[in-house]
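Before anything else, here's the structure in question.
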Amino acid sequence: MAEVLLIDQTAVQRFLTMPACIEAMDGVFRRIAAQRVLMPLRTVIPLPEGRGAFAAMPAVLQDPDGIGIKVITVYPSNHGTQYDSHQGAVLLFEASHGSLIAMMDASSITAIRTAAASAVATRLLARQNARTLAILGSGVQAVTHLEAMLAVRRIESVKLWSRNREHATTFAEREGKRHGVRIDVTRTATEAVRGSDIVCTVTSARAPVLAGESLEPGMHINAVGASTRTTRELDGPAVVRCRIYADRQESLVNEAGDFLIAQLEGFVTEANVVGEIGEVVTGRVPGRLDDSEITLFKSLGLAAEDVASAQLIYDEAKDDPSIPRFSLGGMRPEH
Ligand code: NDP
């Protein structure tokens with residue numbers, strides 16, 4: 001019987017370290033640029049009564065081969081409760097016979113891989129001497145983005161804004177201690193952003209939290225929180241001031257409210273999009289041209305990121321006897 005590894009949140013966090021995941025995401029973007037990824041747009045079913053969404057994100061990777069899918073619910077109202085706002089599983093299949101080989105916690109993979117993808121973009125696009133970081137939001141993605149930004153730039157100070165001040169203060173105390181970095185909580189998003197070299201927007205806001213007038217020359221922005229065509233964190237005047245890079249162009253023009261709403265309002269066209277981050281990694285399109293430009297990485301989150309993370313975790317976990325495994329079938333007894 002084909003064995004299926006059952007990899008829970010603790011095990012994902014043990015095997016998917018931020019530095020390893022950053023390199024894996026670099027590899028994913030390279031493979032997308034080389035067209036070695038088969039990946040339709042994700043399927044999203046909005047749930048009745050505005051409870052959230054149910055989504056399926058499949059991808060097939062080539063060289064090394066991997067087949068997988070992430071199946072998740074997104075319940076924004078879970079924030080501040082014992083439940084993660086993103087819950088589900090990543091299923092990984094091996095490519096020679098198509099057998100299911102692992103089922104993994106999707107909450108922790110999503111948390112880590114999203115921040116690692118932002119780290120790849122930041123490593124390429126932020127000024128080399130970027131030292132100050134602003135984070136808008138204080139949830140799961142804020143936690144992993146702090147770790148990811150610290151991994152790619154020598155950050156000396158952090159400013160944090162979140163809608164709920166108590167959440168912001170709790171985050172600042174806990175994460176400041178964990179990383180040995182000072183985190184100042186600000187009263188407004190603008191206060192956090194002004195004077196920062198790198199800005200990460202990681203909120204579930206549906207309307208802009210980052211205004212064009214707050215941006216300053218030389219910034220790099222990772223816009224992560226809005227991943228549907230009807231929601232956004234940046235207003236039109238912010239988007240038009242930026243050189244825009246996508247995780248994937250097809251996702252950007254179908255799923256990114258940050259871009260699509262600004263386009264509807266007449267602030268930008270597709271000509272404002274410089275390219276995909278994989279094209280920058282491979283040198284096909286230029287990154288930042290000078291220290292005064294404002295660069296924007298629009299992250300939608302890709303199934304290929306989940307599958308590559310799952311492959312990395314599987315390779316680490318498969319020989320570990322502490323990882324539980326079970327059999328589902330899928331092989332004929334007579335063979
Ligand atoms: P959490 O539920 O853990 O945190 C949500 C955060 O959003 C909190 O800090 C909350 O602030 C803030 N927030 C909620 N509503 C508003 C609002 N109306 N205005 C301003 N802030 C608000 O979520 P995650 O950290 O897991 O995810 C954050 C966002 O990132 C989500 O929208 C999620 O869908 C998206 N995401 C994107 C991914 C990608 O690949 N691009 C991958 C995973 C998530 P407070 O507590 O102060 O109210």
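Just to verify a result, which residue in the stretch 118-142, among those that are in contact with a Leu (Cβ under 9 Å, 6 or more places away or on another chain) and within 18 Å of SER214 (Cα to Cα), is surrounded by the most Cβ atoms within 10 Å (Cβ to Cβ)?
Only one residue fits best here, namely ILE135.
Could you tell me whether HIS145 is within 9 Å of the ligand (Cβ to nearest atom), within 18 Å of the chain's Cα centre (by Cα) and surrounded by fewer than 24 Cβ atoms within 10 Å (Cβ to Cβ)?
In short, no.
As an exercise: evaluate LYS159 against (1) of a type in the set (D, E, K, R); (2) closer than 30 Å to LEU47 by Cα; (3) touching an Asp or Glu at 6+ places or on another chain (Cβ under 7 Å) and give the number of the one condition it does not meet.
Exception for LYS159: condition (2).
Here's a follow-up. How many of the residues in the stretch 222-241 are open to solvent by 10 Å² or more (accessible area, probe 1.4 Å) and either out of contact with any helix residue (DSSP H, G or I) (no Cβ under 9 Å at 6 or more places or on another chain) or not hydroxyl-bearing (Ser, Thr, Tyr) (or both)?
Selection size over the stretch 222-241: 8.
So if I check each of LEU38, LEU16, which one is open to solvent by 80 Å² or more (accessible area, probe 1.4 Å), modelled with pLDDT of 95 or more and among the hydrophobic types (A, V, I, L, M, F, W, C)?
Only one candidate passes the filter, namely LEU38.
Take the residues in the stretch 163-202 that are polar (S, T, N, Q) and open to solvent by less than 20 Å² (accessible area, probe 1.4 Å); name whichever of them is farthest from the ligand (Cβ to nearest atom).
SER196
This table checks each residue for (1) within 24 Å of GLU3 (Cβ to Cβ); (2) surrounded by 17 or more Cβ atoms within 10 Å (Cβ to Cβ).
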{"position": "ALA33", "(1), (2)": "no, yes"}
{"position": "ARG42", "(1), (2)": "no, yes"}
{"position": "PRO46", "(1), (2)": "no, no"}
{"position": "GLY50", "(1), (2)": "no, no"}
{"position": "VAL60", "(1), (2)": "yes, yes"}
{"position": "PRO64", "(1), (2)": "yes, no"}
{"position": "LYS70", "(1), (2)": "yes, yes"}
{"position": "LEU91", "(1), (2)": "yes, yes"}
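If we only count strands (runs of 3 or more DSSP E) wholly inside the stretch 250-335, which ones have 2 or more residues that are surrounded by fewer than 22 Cβ atoms within 10 Å (Cβ to Cβ) and more than 16 Å from the ligand (Cβ to nearest atom)?
The qualifying strands (runs of 3 or more DSSP E) are 273-276, 325-327.
Any residue in the stretch 80-100 that is assigned to a helix (DSSP H, G or I) and either within 29 Å of VAL253 (Cβ to Cβ) or touching a Ser or Thr at 6+ places or on another chain (Cβ under 9 Å) (or both)?
Going through the stretch 80-100, the residues assigned to a helix (DSSP H, G or I) turn out to be none.
For the stretch 80-100, residues assigned to a helix (DSSP H, G or I) and either within 29 Å of VAL253 (Cβ to Cβ) or touching a Ser or Thr at 6+ places or on another chain (Cβ under 9 Å) (or both): absent.
Continuing with the same structure: Give the stretch 269-304 a look and list any residue that's acidic (Asp, Glu) and farther than 19 Å from ARG31 by Cα, or say none.
Hits for the stretch 269-304 are GLU270, ASP290, ASP291, GLU293.
Can you name the strands (runs of 3 or more DSSP E) wholly within the stretch 14-76 that have at least 3 residues being among the small types (Gly, Ala, Ser)?
Passing ranges, in order: 53-61.
Hey, among the residues in the stretch 72-82 that are open to solvent by 30 Å² or more (accessible area, probe 1.4 Å) and either acidic (Asp, Glu) or at pLDDT below 95 (or both), which one's nearest to the ligand (Cβ to nearest atom)?
Once the filter is applied, the top-ranked residue is HIS79.
So THR230 clears everything in (1) in contact (Cβ under 8 Å) with a residue 12 or more places away in the chain; (2) part of a helix (DSSP H, G or I); (3) more than 11 Å from the ligand (Cβ to nearest atom) except one condition, right? Which one?
In the conditions (1) in contact (Cβ under 8 Å) with a residue 12 or more places away in the chain; (2) part of a helix (DSSP H, G or I); (3) more than 11 Å from the ligand (Cβ to nearest atom), THR230 misses (2) alone.
Ok, one more. Quick one: what pairs do we get from the stretch 49-78, first residue within 19 Å of PHE29 (Cβ to Cβ), second surrounded by 15 or more Cβ atoms within 10 Å (Cβ to Cβ) and among the polar types (S, T, N, Q), C-beta under 6 Å, 6+ apart or different chains?
Listed pairs, sorted by first residue: GLY66/GLN311.
The values are calculated or read from the model by the stated rules, or taken from the named source; none is laboratory data. From a predicted model like this one, the values you see are computed outputs, not experimental measurements. Counting neighbours? That spans all protein chains shown, and the Cβs are built from the backbone with ideal geometry, glycine included. Only protein heavy atoms, including side chains, enter the accessible area calculation; ligands, DNA and RNA are left aside. Shrake-Rupley method; radii C 1.70, N 1.55, O 1.52, S 1.80 Å.
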